[in-house]
Amino acid sequence: GDDAWKSYRHRAQTDLYFLASAVLGYGQLVPMTPGAHALLCKFVARQTGVPALDTAKYRKIELARGWGKSTIVTRAYAMQRLLRDPTTAILIANEKEQTAVDFLAEIKGQFETNQFLRALFPELIPADFKDTTWSATRIILNRPNPRPEPSIAVIGVGGTVTGAHPDCIIVDDAISRAAMENARAGSWDIMHQVNRWLHQLVPLLNPNAKPFPEIIAIGTRWWYGDCYEHLEEHFGYGERPTKYVLRLKLPSGEVQQIMCYRVGDLAVFRRPAIEDGKSAF
């Protein structure tokens, strides 16, 4: 309850880079660096300072494999939303339900054993995990007000959700290499099925979510015309993208510039694996 506790608590709620790297301990594991992850965290947390990007209901993040996007978005951002508002309901989806279950297992482990996190937010931690919903596919943290949706639930792409309206849906790697190989061979059945399923997510959202309902799709592009391209066409409404440059002064003194854009209701963050002839992460 002292000033230091309040400061760390506020920073965890408002600084995604700090939460992921220092509180949750992912800084060394990913590993996280300002050059690779600081602007990504600002985009994810809606703190770019560009209203067109920060107010988009639908967002897409395209990064190479190994960047730590699942760690920062699917795990850390989902947790940060709950730290800010314990009444929030989040749905995490992955091409394979088991992978989504693994994401939730990591999140559960943080709430169960991370002493720094538990000390900063003791009011969220159930006194006995056996007395709340704490399963492989859904969890409920302590809440000031009850609601039918769990704090976090998981699903496999193509799965059905009934009777629940989450505030935020995170779609992490909706398609796999197998779907891409099928498309290259001329069979687009899997891709079309995923696209139709993505359309069905919008009606699932809680229309009264604060500040607004959101869908975040993160992944790696596999093939022309894949579901990530389809998302841009579907939520872009045929509009021309408006580009914005995000700038950040790095510890080295260099000013980093990353191009993002908004098309229709979709904000897009995309970085290639190689920038200026060297690895970007």
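The values are calculated or read from the model by the stated rules, or taken from the named source; none is laboratory data. Predicted model only: the values in this text are computed from it and were never measured. Counting neighbours? That spans all protein chains shown, and the Cβs are built from the backbone with ideal geometry, glycine included. Side chains included, ligands, DNA and RNA excluded: accessible areas come from the protein's heavy atoms. Shrake-Rupley method; radii C 1.70, N 1.55, O 1.52, S 1.80 Å.
Going through GLU106, GLU112, GLU149 one at a time, which residue ends up being of a type in the set (Asp, Glu) and open to solvent by less than 20 Å² (accessible area, probe 1.4 Å)?
Numbers: GLU106 fails: open to solvent by less than 20 Å² (accessible area, probe 1.4 Å); GLU112 fails: open to solvent by less than 20 Å² (accessible area, probe 1.4 Å).
Every option except GLU149 fails the conditions.
Just wondering, is there one or more residues in the range 17-39 that are hydroxyl-bearing (Ser, Thr, Tyr) and more than 21 Å from VAL255 (Cα to Cα)? Full working, then the answer.
So in the range 17-39, the residues hydroxyl-bearing (Ser, Thr, Tyr) come out as 17, 21, 26, 33.
With the extra rule that they be more than 21 Å from VAL255 (Cα to Cα), the set shrinks to 21, 26.
Taking every residue of the range 17-39 in turn, at least one turns out to be hydroxyl-bearing (Ser, Thr, Tyr) and more than 21 Å from VAL255 (Cα to Cα).
In the range 184-205, how many are under 27 Å from PRO150 (Cα atoms) and open to solvent by less than 60 Å² (accessible area, probe 1.4 Å)? Write out each step before concluding.
Here is the first cut: in the range 184-205, the residues under 27 Å from PRO150 (Cα atoms) are 193-205.
Filter again for open to solvent by less than 60 Å² (accessible area, probe 1.4 Å), leaving 194-195, 197-198, 201-202, 204-205.
The qualifying residues number 8.
Would you confirm whether or not the range 98-107 contains a residue that is among the hydroxyl-bearing types (Ser, Thr, Tyr), within 16 Å of the chain's Cα centre (by Cα) and assigned to a helix (DSSP H, G or I)?
Initial filter on the range 98-107 (among the hydroxyl-bearing types (Ser, Thr, Tyr)): 99.
Filter again for within 16 Å of the chain's Cα centre (by Cα), leaving 99.
Now restrict to residues that are assigned to a helix (DSSP H, G or I): 99.
Yes, the range 98-107 has at least one match.
Are any of the residues in the range 39-48 surrounded by 23 or more Cβ atoms within 10 Å (Cβ to Cβ), among the aliphatic types (A, V, I, L, M) and over 19 Å from CYS260 (Cα atoms)?
no
Looking at the range 123-137 only, could you name the residues that are under 24 Å from TRP5 (Cα atoms) and open to solvent by 70 Å² or more (accessible area, probe 1.4 Å)?
Matches in the range 123-137: GLU123, ALA127.
Tell me, which helices (runs of 4 or more DSSP H) lie completely within the range 1-49 with 2 or more residues that are closer than 13 Å to TYR77 by Cα and in contact with a helix residue (DSSP H, G or I) (Cβ under 8 Å, 6 or more places away or on another chain)? Spell out the reasoning first.
Values: elements: 3-14, 26-29, 34-44.
Counting at least 2 such residues, we get 3-14, 34-44.
Report, ordered by the first and then the second residue, all pairs with beta carbons closer than 7 Å, sequence separation of six or more or different chains, a first member in the range 99-115 that is touching a residue at least 60 places away in the same chain (Cβ under 8 Å), and a second member that is of a type in the set (Val, Ile, Thr) and part of a helix (DSSP H, G or I).
Pairs found: PHE103/THR74.
What are the residue pairs meeting all of these: first residue in the range 151-162, first residue free of Cβ contacts under 8 Å to residues at least 12 places away in the same chain, second residue surrounded by fewer than 22 Cβ atoms within 10 Å (Cβ to Cβ), Cβ atoms under 9 Å, and 6 or more apart or on different chains?
Qualifying pairs under 9 Å: THR160/GLN200.
From the set of residues in the range 1-38 that are hydrophobic (A, V, I, L, M, F, W, C) and more than 16 Å from LEU117 (Cβ to Cβ), which is most open to solvent (accessible area, probe 1.4 Å)? Give the steps one after another, and end with the answer.
Quick first cut of the range 1-38, residues hydrophobic (A, V, I, L, M, F, W, C) only: 4-5, 12, 16, 18-20, 22-24, 29-30, 32, 36, 38.
After this cut, where a residue has to be more than 16 Å from LEU117 (Cβ to Cβ) as well, the list is 30, 32, 36, 38.
Working: VAL30: 34, MET32: 18, ALA36: 3, ALA38: 16 Å².
Per the stated criteria, the residue is VAL30.
Looking only at the range 254-275, filter to residues that are more than 18 Å from LEU231 (Cβ to Cβ) and in contact with a strand residue (DSSP E or B) (Cβ under 8 Å, 6 or more places away or on another chain); which one of those is surrounded by the most Cβ atoms within 10 Å (Cβ to Cβ)? Can you show your working first?
So in the range 254-275, the residues more than 18 Å from LEU231 (Cβ to Cβ) come out as 254-259, 272-275.
Right, trim to in contact with a strand residue (DSSP E or B) (Cβ under 8 Å, 6 or more places away or on another chain) and you get 255-259, 273.
On the way: VAL255: 9, GLN256: 16, GLN257: 10, ILE258: 20, MET259: 12, ALA273: 13.
The extreme case among them is ILE258.
Tell me, please, whether a residue that is in contact with a Pro (Cβ under 7 Å, 6 or more places away or on another chain) and modelled with pLDDT of 95 or more can be found in the range 65-86.
Narrowing the range 65-86 to residues in contact with a Pro (Cβ under 7 Å, 6 or more places away or on another chain): 86.
Next, only the ones that are modelled with pLDDT of 95 or more stay: 86.
Checked against the condition, which is being in contact with a Pro (Cβ under 7 Å, 6 or more places away or on another chain) and modelled with pLDDT of 95 or more, the range 65-86 yields at least one hit.
Pull up the range 228-251, narrow it to residues that are over 23 Å from the mean Cα position of the chain (by Cα) and either under 13 Å from PHE269 (Cα atoms) or in contact (Cβ under 8 Å) with a residue 60 or more places away in the chain (or both), then point me to the one that is most open to solvent (accessible area, probe 1.4 Å).
Checked the range 228-251; the qualifying residue most open to solvent (accessible area, probe 1.4 Å) is PRO251.
Let me confirm something: among PRO86, PRO122, PRO51, which residue is touching a residue at least 40 places away in the same chain (Cβ under 8 Å) and either touching a Cys at 6+ places or on another chain (Cβ under 6 Å) or not hydrophobic (A, V, I, L, M, F, W, C) (or both)?
PRO86
Give the range 1-41 a look and list any residue that's free of Cβ contacts under 8 Å to residues at least 40 places away in the same chain and in contact with a Cys (Cβ under 6 Å, 6 or more places away or on another chain), or say none.
Selection gives TYR17 alone.
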